[in-house]
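Below is one structure; the comments refer to it alone.
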Amino acid sequence: MIITKDLLNQKVPKEMIPTRLDSALNLYTNIHYRNKSGIIVYNTNPGTWNCLYSFYELNHKFTIDNYNFNKENPTYGELIEEYKSVYQKVYEQEKGYKKEIRLNILIDEFKNTFNLDYVNINDELEPIFELKYSKSKNVWTLYYFENYVANKVDDINNLLSQNLYDQKILPLDSSIEKIDGIDIASNIPYLLSIKSNIEKLNNNLIIMEEK
């Protein structure tokens with residue numbers, strides 16, 4: 001479940017208090033190509049369309065197993081505030097992954113994966129926190145999605161013609177929850193439901209001119 005603003009002051013059911021912290025950096029590209037406009041989504045994990053950049057997650061992401069929250073009966077807002085505190089202390093200060101470093105790693109790996117020479121991140125979208133039961137870990141996990149949008153790549157054709165992953169162009173429509181009968185990860189429709197995110201995505205539209 002996405003932790004929306006109206007949930008912040010509500011108490012978390014005891015059986016749903018997470019014992020694992022996880023994170024992801026998402027890099028969105030809003031494309032106009034052949035009369036289609038929208039963000040590119042990838043099926044990197046068969047069964048779900050997503051914008052997660054999996055290589056960053058595997059090598060550099062923030063995650064803690066067997067975590068115990070300080071407060072016994074927390075609200076959703078208190079979960080988020082404690083997560084932020086731990087993230088800053090452990091990930092940014094102790095491990096050195098401050099925002100500038102995270103973005104440089106994200107850009108470099110994006111370039112290497114899609115054979116690009118230049119990628120520019122222009123805007124940060126609203127962050128998302130999601131509380132989800134991890135079947136693989138058999139625990140509740142609190143996820144933090146850090147979201148950015150690119151406004152320039154040197155060769156958009158390389159991005160659109162890549163064949164590493166299945167990809168689709170998803171319109172900026174929060175009501176779309178499936179593509180070809182396959183679920184879209186729940187954080188994406190929620191991201192597209194936020195007006196400021198749509199404005200930033202549109203302000204960073206990358207147009208591919210047909211040759």
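The values are calculated or read from the model by the stated rules, or taken from the named source; none is laboratory data. Since the structure is predicted, the reported quantities are computational estimates derived from the model, not experimental observations. As a convention, Cβ positions derive from the backbone with ideal geometry for all residues, glycine included, and neighbour counts pool all protein chains shown. Note: areas computed on protein heavy atoms with side chains; ligands, DNA, RNA excluded. Shrake-Rupley method; radii C 1.70, N 1.55, O 1.52, S 1.80 Å.
Some notes on this structure:
- Residues that are free of Cβ contacts under 8 Å to residues at least 60 places away in the same chain, assigned to a loop (DSSP other than H, G, I, E, B) and crowded, with 17+ Cβ neighbours inside 10 Å, drawn from the range 60-91: LYS61, PHE69
- Residue in the range 9-16 that is farther than 28 Å from ILE101 by Cβ, in contact with a strand residue (DSSP E or B) (Cβ under 9 Å, 6 or more places away or on another chain) and surrounded by 18 or more Cβ atoms within 10 Å (Cβ to Cβ) present: yes
- Counted residues, the range 104-146 - those being in contact with an Asp or Glu (Cβ under 7 Å, 6 or more places away or on another chain), farther than 30 Å from TYR76 by Cα and open to solvent by less than 30 Å² (accessible area, probe 1.4 Å): 1
- The residue of the range 147-161 that is surrounded by the most Cβ atoms within 10 Å (Cβ to Cβ), among those that are over 14 Å from CYS51 (Cα atoms) and in contact with a strand residue (DSSP E or B) (Cβ under 9 Å, 6 or more places away or on another chain), is VAL153.
- Residue within the range 49-56 that is at negative phi, open to solvent by 50 Å² or more (accessible area, probe 1.4 Å) and over 21 Å from the mean Cα position of the chain (by Cα) present: no
- Strands (runs of 3 or more DSSP E) fully within the range 92-211 that include at least 1 residues being modelled with pLDDT under 90: 119-124, 128-134, 166-170.
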